[in-house]
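The values are calculated or read from the model by the stated rules, or taken from the named source; none is laboratory data. Here the structure is a predicted model, which means the values were calculated and not measured. Note that we place each Cβ from the backbone using ideal geometry, even for glycine, and neighbour counts take in every protein chain shown. Surface areas here come from the heavy atoms of the whole protein model, side chains and all, with no ligands, DNA or RNA. Shrake-Rupley method; radii C 1.70, N 1.55, O 1.52, S 1.80 Å.
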Amino acid sequence: EFEGLTMANSTEKVGGFLGKMKPYTAPSWALHLNPIPSHVFSLAHVPTPIHKWNLPDLPADTEVYIKREDLCGVQLTGNKARKLEFLLAEAVSLGSDCVITMGGMQSNHCRATAVAAKYLNLDCFLILCNYEPLVEKGPTLSGNILIERLVGAHVEVANLDEFLKFGSLGLLNSLKAQLEKNGRRPYIIPVGGSNPLGTWGYIEAAREIEQQLQQPEFSETKFDCIVAPCGSSGTIVGLSIGSWLSTLKAEVHAYSVGEEPDNCYEYAQGLLDGLQANLKSRDLLHIQDARGLGYATSTTEELVVIKEVAETTGVILDPVYSGKAAYGFLKDMRENPTKWEGKRVLFIHTGGIFALYDKAIEDMSNMVGKWKRIKIDESVAPKDASQLW
């Protein structure tokens, strides 16, 4: 049992799903960080399970486990839910009546924010960025966008030139000013929910992993490495702080899906400095490039890996984050087997299955065959209607 939140408390947290905002108690090993959140909501179904992941063709004596952040909810699913527990607690405590955030057209973060806001009776305004030829057509009804529009999010579309000119903060502040003129009280959530407050979502997840390893089924388990995708860096920073300060002491290997690794190190350092952690991102993290064709754009090879992993293990990855990270991770193990030999690895599945639906029709239709018109043996036909069912 650890100081602060125990596994018993975690079960209580699930029982309090969508209950009142609760005071937050930080792990004993994180009490020197600043700021420490004062309150938290229960939006995610936690603890999320950890299980053995039987990936094929692993290096000698390598074991891979997977933490199923995709199972923390249905429409509010994935790693963003943990960040939103802290961010929305602050929004409510400040008396906000709506939230604003932004991301790409198939942003998991925007979908999660839209759902979580509605859970708490807050309006949600989303700025979604797209390529110029697609902006005037408006958002489609596929993947994450369908969920956002179903729950009534207000969607505003910007093109990439506008994003590059004004930046995310410029666009968010512009919308904030417009809403304030109309008497609204908006709260800005940064891209990916990644600021020092949102980072506590994965400091808390590290505590959860630490506690899970105390359970009988994991009593002989210690992870050498934690592997996760890196987008806006909040998830990997929370994991790396938690791993460094707690008893986990696992190396954190991140695969960047949208930015050059150097930029990810800079973003991570900004979050560490914002928490007054007195740590260096390059000491805590190993970040490799897994962008491929770029953010939210999939190569055929990446989609093939998603399909093969699903077919062999039953785990469905998303094409934007966990799919790219898994592709990079598997490629790294294949090209540098000695780096991973004998290691026990925990892969963080950050959710995002809805983005896969945006790829399915156009990019994956030729990969998922195995269907044919049924041939019926007429000799087995039922003799009367009572046998039909």
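Annotations
- Within the accessible surface of segment 80-192, defined with a 1.4 Å probe on protein heavy atoms only, the carbon and sulfur portion equals 55 percent.
- The distance between label points at Lys372 and Gln288 comes to 4.0 nm (points 7 Å beyond Cα on the Cα→Cβ vector).
- Using 0.36 nm per residue and subtracting the Cα-Cα separation, the extra length available between Lys307 and Gln214 on full extension is 30.1 nm.
- Here the Karplus relation 6.51 cos²θ - 1.76 cosθ + 1.60, evaluated at θ = phi - 60°, turns the backbone of segment 302-319 into coupling constants of 5, 5, 5, 4, 4, 5, 5, 5, 4, 5, 8, 10, x, 9, 9, 9, 9, x Hz, with x for every Gly and Pro.
- Surface composition of segment 329-389: carbon and sulfur make up 54 percent of the accessible area, probe 1.4 Å.
- Amide H contacts of Val227 (H built 1.01 Å from N, under 5 Å, at least 5 apart or other chain): His253, Leu346, Phe347, Ile348
- The local environment of Asp61, defined by Cβ-Cβ distances under 11 Å, has a net charge of 0 under the rule Lys, Arg +1 and Asp, Glu -1.
- With K and R counted +1 and D and E -1, the other residues having a Cβ less than 14 Å from that of Pro35 yield a net charge of -2.
- Charged side chains reduced to their Cβ positions (Lys and Arg at +1, Asp and Glu at -1) give the chain a dipole of some 740 debye around its Cα centre.
- Spin-label model, Leu160 to Arg184: label points 7 Å out along the Cα-to-beta-carbon direction sit 2.8 nm apart.
- Dipole in debye (nearest 20) - segment 80-192, about Cα centre, beta carbon charges: Lys, Arg +1; Asp, Glu -1: 240
- Under 14 Å from a label point set 7 Å out along the Cα-to-Cβ vector of Tyr65, the amide N atoms of segment 238-268 belong to 247-251.
- Per-residue Karplus couplings for segment 202-217, computed as 6.51 cos²θ - 1.76 cosθ + 1.60 with θ equal to phi - 60°, are listed in order as 9, 5, 5, 5, 5, 4, 4, 4, 4, 6, 4, 6, 8, 6, x, 5 Hz, Gly and Pro entered as x.
- Backbone amide hydrogens, once placed in the peptide plane, bring Cys129 within less than 5 Å of Gly103, Gly104, Met105, Ala158, excluding anything fewer than 5 places away on its chain.
- A value for log10 I(q)/I(0) by the Debye sum over Cα atoms at q = 0.06, 0.11 Å⁻¹ was derived from the coordinates, and within the list (1) -0.24, -0.78; (2) -0.43, -0.98; (3) -0.40, -0.87 it appears as (1).
- Accessible surface area normalised per residue over the chain is 47 Å², counting heavy atoms of protein chains with a 1.4 Å rolling probe.
- 14 Å beta-carbon shell around Arg185, net charge (K/R +1, D/E -1): -1
- Near the amide H of Val155, within less than 5 Å, lie the amide hydrogens of Leu126, all on another chain or at least 5 residues away, with H placed in the peptide plane.
- Across the chain, the mean sequence separation of Cα contacts (distance under 8 Å, 6 or more residues apart), normalised by length, yields a relative contact order of 19 percent.
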